[in-house]
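What follows is a short report on a single structure.
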Amino acid sequence: MNGYTGSLFPEITSLVFSIIPASVGSLRLAGAILNGLALGLTALALWKRGAAALYFALAMGSSLLFLFYSRVAWEVNALQNLLLALVLLALPHLLERGRSLHRWLFLLLLAFSLGCWSHAIFIAAALSFAAATLLVALTWPGESSARLLLIGQLNVLVQIVLCGRHFVGDGAFATRALPAMLAGLGLIALATRAYVHVEGHLLPHTIRALTDRRVARLVNVVLVGFVVLSLAASPIGDVSFFGTVSGVILLERVVSYLPGPIEMIALHMRMALLLVLFAAAALRSLRAKPSAPEQLLLPLFCLWTIAYFPALRLSIASVADRYYIIPQFLFFVSIALAIDGLRASWKMPALTLLLAGFIHAQVTMVREAFRDEDRPPFELFDYAGYTDTSRHFMKLHALTNELKLHATCRVESSSFFIAQPMRFLMAVGQPCSGNAGVRVEYCAACLAPVRGFELQLQE
């Protein structure tokens with residue numbers, strides 16, 4: 001279909017269709033299940049971190065990006081939260097001294113590889129993870145941070161080698177895709193085994209380099225400079241992240257709803273407070289000296305979140321709300337870990353902030369799920385430099401019924417967001433009985449026979 005997505009999610013959807021007849025519900029089912037599994041795995045990963053699992057669940061439940069897009073059948077929506085949860089599950093075990101690394105390192109490399117296979121945007125996650133591990137190792141040199149650094153760079157190397165999959169080309173599964181997949185798994189297994197074998201030789205040299213006096217003098221300058229440059233790299237990206245995670249862009253993009261003044265202020269104020277909490281946690285963690293390896297997780301995820309934005313610019317040129325699924329996950333993990341480490345007197349206001357967002361998002365989700373009227377779409381809306389349209393999420397029931405009425409069997413359109421959904425809906429609905437075709441285009445002024453669409457019947 002394009003050059004930046006893989007076949008992983010289509011294969012999963014095909015598997016669902018082989019069990020449950022194809023329909024809108026079964027098309028959305030895989031994404032909903034995988035995102036539910038992501039919540040469960042993240043809770044498992046955070047289980048020993050006090051109430052961090054609860055705070056993370058409340059944060060995700062307050063996100064319209066998570067609630068709306070978990071049900072939209074795109075590979076980024078279905079897989080990215082799950083794969084990041086697998087990475088989070090592996091990280092504490094990789095930080096522990098004296099543990100066997102084989103299965104956890106294999107899991108981490110596999111999760112990143114599946115992410116990069118599924119969508120090119122996950123390359124930004126790999127690049128920013130490598131940058132974050134470097135900064136953590138420079139700030140707190142030691143065995144655990146040095147291991148993180150080596151693993152982060154190894155992961156980038158593996159992903160670069162696996163980019164060779166783009167040269168496999170089309171052909172039969174048994175002669176093209178299957179050998180490439182087996183070679184990829186073999187590479188991950190080989191990289192895991194090789195790292196475990198040589199780690200004992202690499203760690204002392206890495207720690208020695210990190211503790212060099214010349215390196216130590218530059219740490220603070222490098223850290224501050226990196227954060228400033230990361231935030232300045234893409235102002236529109238920073239603002240788009242704010243608008244997406246606050247929920248404003250999702251309300252306009254997905255359900256064509258413009259919040260009133262009070263709701264708009266409340267959404268922005270809540271997001272601003274979350275950012276203040278994140279910044280305070282990042283500063284506090286960077287000034288502290290971790291006494292245990294697992295305490296590196298908070299600064300790692302804070303720096304990983306910040307590093308994602310310049311990595312995003314390197315990975316893909318465009319900006320879209322769905323590209324913030326990854327930093328939102330990292331952002332919420334950071335906040336969950338930060339709240340768990342707060343004093344009791346500060347936990348209640350932070351918990352209240354999460355609960356307020358959770359209640360608003362759940363009420364909004366229920367309201368939109370049971371809404372009958374179809375709001376007029378925004379042809380184009382602007383959020384501080386981020387521009388988009390809500391036409392792509394218009395309800396198609398009236399259009400589908402009109403085409404069935406005319407026994408239409410072929411749909412043509414210049415818009416992918418009309419042509420593909422209509423072909424799917426017609427294929428899984430009543431079989432057409434005629435040979436008529438129709439060209440369908442968006443039309444803001446059209447009121448009949450279907451509002452918002454222009455229909456030109458073709459023989």
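A residue that is assigned to a loop (DSSP other than H, G, I, E, B) and free of Cβ contacts under 8 Å to residues at least 40 places away in the same chain cannot be found anywhere in segment 28-45. Looking at this structure, is residue 373 in contact with a Leu (Cβ under 9 Å, 6 or more places away or on another chain) and open to solvent by 30 Å² or more (accessible area, probe 1.4 Å)? Spelling it out, it is not the case that residue 373 is in contact with a Leu (Cβ under 9 Å, 6 or more places away or on another chain) and open to solvent by 30 Å² or more (accessible area, probe 1.4 Å).
Across segment 46-82, what is the total count of residues that are part of a helix (DSSP H, G or I), aliphatic (A, V, I, L, M) and within 24 Å of residue 22 (Cα to Cα)? Of the residues in that region, 5 qualify.
Among residues of segment 348-371 that are within 15 Å of residue 55 (Cα to Cα) and of a type outside the set (A, V, I, L, M), those with a beta-carbon under 7 Å from a residue that is surrounded by 13 or more Cβ atoms within 10 Å (Cβ to Cβ) and modelled with pLDDT of 95 or more at least six positions away or on a different chain give the pairs 357/62; 357/270; 358/58; 358/61; 358/62. Can you confirm whether segment 203-211 contains a residue that is more than 26 Å from residue 95 (Cβ to Cβ), part of a helix (DSSP H, G or I) and of a type outside the set (S, T, N, Q)? No; the residues of segment 203-211 include none that is more than 26 Å from residue 95 (Cβ to Cβ), part of a helix (DSSP H, G or I) and of a type outside the set (S, T, N, Q). Counting only strands (runs of 3 or more DSSP E) that fall entirely inside segment 363-448 and contain at least 2 residues that are within 30 Å of residue 238 (Cα to Cα), the qualifying elements are 381-383, 386-388. Got a sec? Which of 319, 276 is more than 30 Å from residue 151 (Cα to Cα) and open to solvent by 30 Å² or more (accessible area, probe 1.4 Å)? It is 276.
If the condition is being closer than 29 Å to residue 241 by Cα, open to solvent by 40 Å² or more (accessible area, probe 1.4 Å) and of a type outside the set (Lys, Arg), then segment 386-410 contributes 387, 392, 393.
If you go through segment 249-275 and keep only what is hydrophobic (A, V, I, L, M, F, W, C), over 17 Å from residue 366 (Cβ atoms) and within 25 Å of the chain's Cα centre (by Cα), you end up with 249, 258, 264, 266, 267, 269, 271, 272, 273, 274, 275. Looking across segment 222-280, just one residue is of a type in the set (S, T, N, Q) and touching a strand residue (DSSP E or B) at 6+ places or on another chain (Cβ under 7 Å), and that is 240.
From the list 304, 346, the lone residue that is within 20 Å of residue 244 (Cβ to Cβ) and among the aromatic types (Phe, Trp, Tyr) is 304.
Restricting the first member to segment 290-311 and to residues that are part of a helix (DSSP H, G or I) and of a type in the set (D, E, K, R), and the second to residues that are modelled with pLDDT of 90 or more and open to solvent by 10 Å² or more (accessible area, probe 1.4 Å), the beta-carbon pairs closer than 6 Å and six or more apart or on different chains are 294/92.
In this structure, does residue 270 turn out to be at pLDDT below 95, part of a helix (DSSP H, G or I) and basic (Lys, Arg)? No: the conditions fail for residue 270. Residue count for segment 52-90 under the criterion of being open to solvent by less than 10 Å² (accessible area, probe 1.4 Å) and without any contact (Cβ under 8 Å) to a residue 24 or more places away in the chain: the result is 1. Among the conditions (1) touching a residue at least 12 places away in the same chain (Cβ under 8 Å); (2) of a type in the set (Gly, Ala, Ser); (3) out of contact with any Leu (no Cβ under 8 Å at 6 or more places or on another chain), residue 344 misses just one, which is (1). Within segment 175-190, being open to solvent by 80 Å² or more (accessible area, probe 1.4 Å) and closer than 25 Å to residue 102 by Cβ holds for 181, 182, 185, 190.
Quick check on residue 49: is it modelled with pLDDT under 95 and open to solvent by 60 Å² or more (accessible area, probe 1.4 Å)? So residue 49 does not fit the description; no. Within segment 114-138, residues that are open to solvent by 10 Å² or more (accessible area, probe 1.4 Å) reach partners that are part of a strand (DSSP E or B) and at pLDDT below 95 with beta carbons closer than 8 Å, at six or more positions or on different chains, in the pairs 120/5.
You will find that of 215, 224, 168, the residue that is surrounded by fewer than 16 Cβ atoms within 10 Å (Cβ to Cβ), at pLDDT 85 or above and β-branched (Val, Ile, Thr) is 224 and no other.
The values are calculated or read from the model by the stated rules, or taken from the named source; none is laboratory data. Everything quoted here is computed from the prediction, not taken from an experiment. Please note: Cβ atoms are built from the backbone with ideal geometry, for glycine as well, and neighbour counts cover all protein chains shown. These accessible areas exclude ligands, DNA and RNA; they are computed on the full protein's heavy atoms, side chains included. Shrake-Rupley method; radii C 1.70, N 1.55, O 1.52, S 1.80 Å.
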